[in-house]
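Student: I have a structure I would like to understand better, so I am pasting it below and will then ask my questions one at a time.
The values are calculated or read from the model by the stated rules, or taken from the named source; none is laboratory data. Quantities reported herein were computed from a predicted structural model and do not represent experimental measurements. Here the Cβ positions follow ideal geometry from the backbone for every residue, glycine too, while neighbour counts run over all protein chains shown. To get the accessible areas, we keep the full protein, side chains included, count just its heavy atoms, and leave off ligands, DNA and RNA. Shrake-Rupley method; radii C 1.70, N 1.55, O 1.52, S 1.80 Å.
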Amino acid sequence: FFRQMQAPSHEGAPEKEFASGLAALLTPLAEDYQERIDAIGVSQQTLEHKIDKLILELTAAMESAALPDVTDKLNMLSNARRRVAVVNDQLRTIRERLMRLHTIAVQKYSTLKASNDEAAARLAQVEEMNKKVIKGATEEV
């Protein structure tokens, strides 16, 4: 995916060269993160598969009557599996909320900075006018 972003370098096209260089710089980082995300997904699937397998094995062992009643343990494992799924959903939701908050914060910062810059410019104008008024008043006296 990220390799498709790399634009070929053309003579006399600094924007394309910059984009190509930036893509070349960011591609390994993006690929690393993608590998990590994929590894987490595989890990979660493996955990889920192992819990399912353990439940099946415990059910089979319980049916053979060789072991004492493990129904409580099976229920605990099922509950643990559900909790893992709930935590994963909550983490995804939290990540999405943080991204939205970050976006809003960046927008608000830009707006506040622009307003602050305008206010500073107006204040400088008022101070300059005050200096002129004071200078004019002292000259009249």
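Student: Among Thr111, Val133, Pro14, whose Cα sits farthest toward the positive end of the charge dipole of the chain (+1 at Cβ of Lys/Arg, -1 at Cβ of Asp/Glu, about the Cα centre)?
Tutor: About the Cα centre, the residue reaching furthest to the positive side is Val133.
Student: Right, next: Could you work out how far helix 71-140 tilts from the main Cα principal axis of the chain, as a 0 to 90 degree angle to the nearest 10?
Tutor: 0 degrees
Student: If you average 1/r over all unlike Cα pairs in the chain and invert the result, what Kirkwood radius do you get in angstrom? Before the final figure, lay out the partial values.
Tutor: On the way: mean 1/r = 0.0440 Å⁻¹.
One decimal place: 22.7 Å for the Kirkwood radius.
Student: Among 45-53, 128-136, how do they line up from the highest to the lowest mean number of other beta-carbon atoms within 10 Å?
Tutor: Answer by packing, highest mean first, reads 45-53, 128-136.
Student: On C-alpha positions alone, give me the angle between the axis of helix 14-63 and the longest principal axis of the chain, in degrees, nearest 10.
Tutor: 30 degrees
Student: All other residues with a Cβ under 13 Å from the Cβ of Gln45 taken together, and with Lys, Arg as +1 and Asp, Glu as -1, what is their net charge?
Tutor: Details: positive: Lys50, Lys53, Arg81; negative: Asp38, Glu48, Asp52.
Net local charge, Gln45 excluded: 0.
Student: What is the gain in length, in nm to one decimal, between Met62 and Thr46 on full extension, counting 0.36 nm per residue of separation less the C-alpha to C-alpha distance? Can you show the working numbers first?
Tutor: Numbers: separation 16, 0.36 × 16 = 5.76 nm, distance 2.39 nm.
My answer for the length gained is 3.4 nm.
Student: Same structure, new question: Would you mind working out the accessible area per residue for the stretch 15-66, using a 1.4 Å probe, and quoting it in Å²? Walk me through the intermediate numbers first.
Tutor: On the way: 4000 Å² over 52 residues.
Accessible area per residue: 77 Å².
Student: Just to be sure I understand the model, the point goes 7 Å from the Cα along the line to the Cβ. What's the resulting Ala19 to Asp32 distance in nm?
Tutor: 2.6 nm
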